[in-house]
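Here's the structure, in structure tokens; my notes come after.
Nothing in this text is a laboratory measurement; each read-out follows from the coordinates by a stated rule. What you are looking at is a predicted structure, and each value in this text was computed from that prediction instead of being measured. FYI the Cβ positions are ideal-geometry reconstructions off the backbone, even for glycines, and counts take in every protein chain you see.
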Amino acid sequence: MRSVLRGLATSAAVLLAVTTVSPTARARTAEPKAPAAPREFVALRTVAPTIIEEMRYVTPHTFMGVPVAGYREPVCIVTRSTAEALRRAQATLLRRGYSLKVYDCYRPQRAVDHFVRWAADLRDERMKAEFYPRVEKSRLFADGYIAEKSGHSRGSTVDVTVVRLPAPPTRPYRPGEKLTPCHGPKAARFPDNSLDMGTGFDCFDTLAHTDDPRIRGEQRANRRLLGTALERVGFTNLPEEWWHFTYKPETFPDTYFDFPVARSSVAGH
């Protein structure tokens, strides 16, 4: 009889342990596993470790003023062929005392959806004074600054610039700080260790068009330095954005991915 009672007591203890799991633990168990990237994707740092990474969308210093959905860690993810091409361009620039710096690489579809939701909310203009001071937010779709699909989601597109070495770090953005126009003189724009390209990154302004005739002298030479280094290894530039380059041929020309920007997405690749 005592052995039976001991057995019942043990069973009750086990049942109690099972039924009193904390809500947090249950939530962790129920959380779906994030999808992994196809094997063709890699972290850029594993292929070209000298390229500087300043991944803006994991921070609040974006045209929305908040981190972007889907960006969990400040890691540049691209297809392997894109990473290898960037490594070749980097080798050329390093010999001249420069380095590439990436602002954004692969972008999940959920991030693009976040952009679209933000653009539809005309009341939220907290970052207008920096990123689109001369454009009405209601025009962002019509003027092509925001779209429902992005080539970044295919994995062969990067937003990139050039910095002179040794490169001082760019100070972090402080939410609520005074904003200055992205199209203004370099000394008046938000600090960036990039060469002067005539505008800041993600500047929704025609001055950001690669061949805008108002860009002259040193600024034009800097854009040409960036473009030449990348075009020689197979990249093409988007004419509306001096920083936007796509490696051709694309590994996934027709597929838009949605795995998160995180090291775990490409672990072991």
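Once every DSSP H run of n ≥ 4 in the chain is given -39500 (n - 2.57) and the sum is divided by its residues, what mean residue ellipticity at 222 nm do you get, rounded to the nearest 500 deg cm²/dmol?
Taken over the chain, the calculation gives -8500 deg cm²/dmol.
Run the dipole for the chain about the Cα centre, Lys and Arg Cβ at +1, Asp and Glu Cβ at -1, nothing else charged, and hand back the magnitude in debye, nearest 20.
900 debye
Measuring from a point 7 Å past the Cα of Ser138 along Cα-to-C-beta, which residues in region 90-131 have an amide N at less than 13 Å?
121-123
How do Leu230, Leu179, Leu93 line up, fewest other C-beta atoms within 10 Å first?
Ordered from fewest to most neighbouring Cβ atoms within 10 Å, Leu230, Leu179, Leu93 come out as Leu179, Leu93, Leu230.
Taking 2.2 N^0.38 Å as the expected size of a compact globular protein, what ratio does the Cα radius of gyration of region 51-152 give against it, to two decimals?
Here the answer is 1.23, to two decimals.
Per-residue counts of other Cβ atoms within 10 Å, averaged by peptide: what ranking do you get for 141-151, 163-173, 255-265, highest first?
255-265, 141-151, 163-173
Which value, in Å³ per residue, describes the convex hull spanned by the Cα atoms of region 131-231?
145 Å³
Could you tell me which of His61, Pro249, Met127 has its Cα farthest along the dipole of the chain towards the positive end, charges placed at Cβ (Lys, Arg +1; Asp, Glu -1), taken about the Cα centre?
Ranked along the dipole, the leading option is His61.
How big is the antiparallel share of DSSP beta bridges in the chain, given as a percent to the nearest 5?
85 percent
Mean shadow of the chain, computed from the convex hull of its alpha carbons, in nm²?
With the hull built on Cα positions only, its mean projection is 19.2 nm².
Provide the net charge surrounding Met55, with neighbours chosen by a C-beta distance below 15 Å and charges set as Lys +1, Arg +1, Asp -1, Glu -1.
-1
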